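Take a look at the structure below.
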Amino acid sequence: MAGNTIGTIFRVTTFGESHGAGLGCIIDGVPAGLALDEAKIQTALDRRKPGQSFAGQNNASVTSRKEDDKAEILSGVFEGKTEGTPIALVIRNTSQRSKDYGNLASSFRPGHADFTYFEKYGFRDYRGGGRASGRETAARVAAGEIARQVLCALFGDVRITAYTKRAAGISCGKIDLGAIEKNSLRAADIDAANAMNERIEELRRSGDSAGGIVECIVSGIPAGLGEPVFSKLDAEISRAVMSVGAVKGIEFGAGFGAADMTGSEDNDEMRLGGGAVEFGSNNAGGILGGISNGNEIVFRAAIKPVPSIFREQKTIRTGGSGFSETDLLIEGRHDVCLCPRIVPVIEAMAAITLADMALQNRAARI
């Protein structure tokens, strides 16, 4: 299987399956001498892991599967500092219930990668989706935290903040970044989060699921990152974010709304403020010509509804004489809305891309 590595200088390769012994990543290209805060890697993983609870709130959106998601660094770090050699990191699986997937050995779940994996490889790990499981993203989150620490070492206070902007058809009416970690949806609006949670609970009881939109805001990135023409910063972020299984679309700044704007409306006028370049707006999402312009980088990702729903669905199965039609009822433990757990994954993919672009940028000029 190809396609498990992302990056040019800061390179991340992930491995492992949902119901295997574990999963992890190998990170190459981390400069030597970085004082790595391993506790922050665990904090990042804790934000993504299943079984989270928020004080006073029923978390209707997430699976009941419990995983410690303890990161174990095997190489590349000595006495708290990176050695410049590959960093190998592993996360053990401890809460697999593979028996829940026994009825999927020959049947393909609608909305999942079961059929396409089978058509490509002629063989698949049907336990939780194997390599196509969202559990693979745990390794990305660990790598993303290391990338974030590289960015802070290079540029100072870099902040990468994602949040649920919309879920189950309900949008945030205001943006309060301080509210994100205070509600189960990781929304930037407590009132909207409560309404989202109520709607998701209704869907959970009916055996259905929901999608949403996650917005990400990056501050502290200077102008000049991005490698035209085919490695534009927005193109590379798009590639990274679209590699997350549940993401079906991405837009930057005004995004698709720019299609209905005039040039005078869409252009971000520039001025000098205290000797520094400032922008009157940010319709470009912080990127012009594929290069960061020093403004906040802003993008949004569309998250599809969780495909594992507890309703009988029509599908096909394999047998001795080929394909046949069948009905399927999925069992097991599954999220109802992926948005809150995908928030740290989106942040991680942004960090990985930006760290790679920052290291490439060192060769841009003498």
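Being modelled with pLDDT of 95 or more and basic (K, R) is true for just one of R97, R47. Which residue is that? Spell out how you get there, then give the answer.
Working: R97 fails: modelled with pLDDT of 95 or more.
R47 is the lone residue from the list that is modelled with pLDDT of 95 or more and basic (K, R).
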Quick check on segment 100-129: of everything there that is touching a helix residue (DSSP H, G or I) at 6+ places or on another chain (Cβ under 9 Å) and basic (K, R), which residue is modelled with the lowest pLDDT? R127
Out of curiosity, is A147 within 19 Å of M242 (Cα to Cα) and either assigned to a helix (DSSP H, G or I) or modelled with pLDDT of 95 or more (or both)? yes
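Give the number of residues within segment 1-32 that are open to solvent by 40 Å² or more (accessible area, probe 1.4 Å) and either among the β-branched types (V, I, T) or not in a strand (DSSP E or B) (or both).
Residues flagged as open to solvent by 40 Å² or more (accessible area, probe 1.4 Å) and either among the β-branched types (V, I, T) or not in a strand (DSSP E or B) (or both) within segment 1-32 amount to 13.
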List every residue pair whose Cβ atoms sit under 9 Å apart, with the two residues 6 or more apart in sequence or on different chains, where the first one lies in segment 325-339 and is at positive phi and in contact (Cβ under 8 Å) with a residue 40 or more places away in the chain and the second, anywhere, is of a type in the set (F, W, Y) and buried (at least 22 other Cβ atoms within 10 Å of the Cβ). none
For segment 257-284, name all the residues that are modelled with pLDDT of 95 or more, in a loop (DSSP other than H, G, I, E, B) and out of contact with any helix residue (DSSP H, G or I) (no Cβ under 7 Å at 6 or more places or on another chain). M261, T262, N267, D268, E269, G280, S281, N282, A284
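Please pick out the residue among T315, T353 that is more than 30 Å from I175 (Cα to Cα) and either open to solvent by less than 30 Å² (accessible area, probe 1.4 Å) or assigned to a loop (DSSP other than H, G, I, E, B) (or both).
Of the residues listed, the single one that is more than 30 Å from I175 (Cα to Cα) and either open to solvent by less than 30 Å² (accessible area, probe 1.4 Å) or assigned to a loop (DSSP other than H, G, I, E, B) (or both) is T315.
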For I297, indicate whether it is surrounded by 12 or more Cβ atoms within 10 Å (Cβ to Cβ) and at pLDDT below 95. no
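For segment 261-292, which positions are of a type in the set (A, V, I, L, M) and open to solvent by 70 Å² or more (accessible area, probe 1.4 Å)?
M270, L272, V277, L288
Every residue, every condition in (1) assigned to a helix (DSSP H, G or I); (2) over 26 Å from T14 (Cβ atoms); (3) in contact (Cβ under 8 Å) with a residue 24 or more places away in the chain; (4) of a type in the set (A, V, I, L, M, F, W, C), yes or no:
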| residue | (1), (2), (3), (4) |
| --- | --- |
| G224 | no, yes, yes, no |
| D234 | yes, no, yes, no |
| R239 | yes, no, yes, no |
| G245 | no, no, yes, no |
| I250 | no, no, yes, yes |
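Would you mention how many residues in segment 132-188 are open to solvent by less than 10 Å² (accessible area, probe 1.4 Å) and more than 15 Å from A301 (Cα to Cα)? Please lay out each step first, then the result.
Let us first name the residues in segment 132-188 that are open to solvent by less than 10 Å² (accessible area, probe 1.4 Å), namely 138-139, 141-144, 146-147, 150-151, 158, 162-164, 167, 179-180, 183-188.
Next, from what is left, pick out any that are more than 15 Å from A301 (Cα to Cα): 138-139, 141-144, 146-147, 150-151, 158, 179-180, 183-185, 188.
Selection size over segment 132-188: 17.
The values are calculated or read from the model by the stated rules, or taken from the named source; none is laboratory data. Just so it is clear, the model here is predicted, and its values are computed rather than measured. Here Cβ is always computed from backbone atoms with ideal geometry, including for glycine, and neighbour counts include all displayed protein chains. Keep in mind that these areas ignore ligands, DNA and RNA; they rest on the heavy atoms of the full protein, side chains included. Shrake-Rupley method; radii C 1.70, N 1.55, O 1.52, S 1.80 Å.
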